[in-house]
Amino acid sequence: MAAHNDLGRKGEEIAKDYLGSKGYKVICRNWRRSQAEVDLIAEFGQRFIFIEVKTRTGTFFGEPETFVGAAKQRNMQFAAEKFIEIRDHQGEIRFDIISILFGSYGSYNLRHIEDAFWPGF
């Protein structure tokens, strides 16, 4: 398996553990609708939170969260619409980004950006 895939999975696991420590209940990982994917879906109270996890080892090309562009946001919204429909969710939703930047010796910096963008539906 490619190293970047391993790094991404490690980041998702760290993000899942972080969310759990903050009282979120992660209900789904890597949820797909066609080609659109949401890394993590969590519940917090009556709200569904759709989370993109971006993991990097450096900032040469920018902070990890800068890689969640308009196309990725549209894909997440597309996937979220179906998830909401299947679950018949009537409550609030939110789109977050968790940015993980690895340093030396396995250290990392995690940034949780709540309400990172607003859905267009």
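Among the residues examined, I14 qualifies as crowded, with 17+ Cβ neighbours inside 10 Å, closer than 12 Å to H112 by Cβ and over 11 Å from the mean Cα position of the chain (by Cα). The single condition among (1) touching a residue at least 12 places away in the same chain (Cβ under 8 Å); (2) touching a strand residue (DSSP E or B) at 6+ places or on another chain (Cβ under 8 Å); (3) loosely packed, with under 12 Cβ neighbours inside 10 Å that S34 does not meet is (2).
Quickly run through the range 83-109 and pick out the residues that are surrounded by 15 or more Cβ atoms within 10 Å (Cβ to Cβ) and of a type in the set (K, R). If the condition is that a residue be surrounded by 15 or more Cβ atoms within 10 Å (Cβ to Cβ) and of a type in the set (K, R), then R94 is the only one that fits. The set of residues in the range 29-59 being within 16 Å of F78 (Cβ to Cβ), more than 11 Å from the chain's Cα centre (by Cα) and among the hydrophobic types (A, V, I, L, M, F, W, C) consists of A36, F48.
Take T59 and decide whether it is more than 20 Å from W31 (Cα to Cα) and assigned to a loop (DSSP other than H, G, I, E, B). For T59, the condition - more than 20 Å from W31 (Cα to Cα) and assigned to a loop (DSSP other than H, G, I, E, B) - is met.
Quick note: the coordinates plus some simple rules give every number you see, no bench work behind them. If you're wondering where the values come from, they're calculated on a predicted model, not measured in any experiment. When we count neighbours, we look across all protein chains shown, and the Cβ atoms used for this are built from the backbone with ideal geometry, even at glycine.
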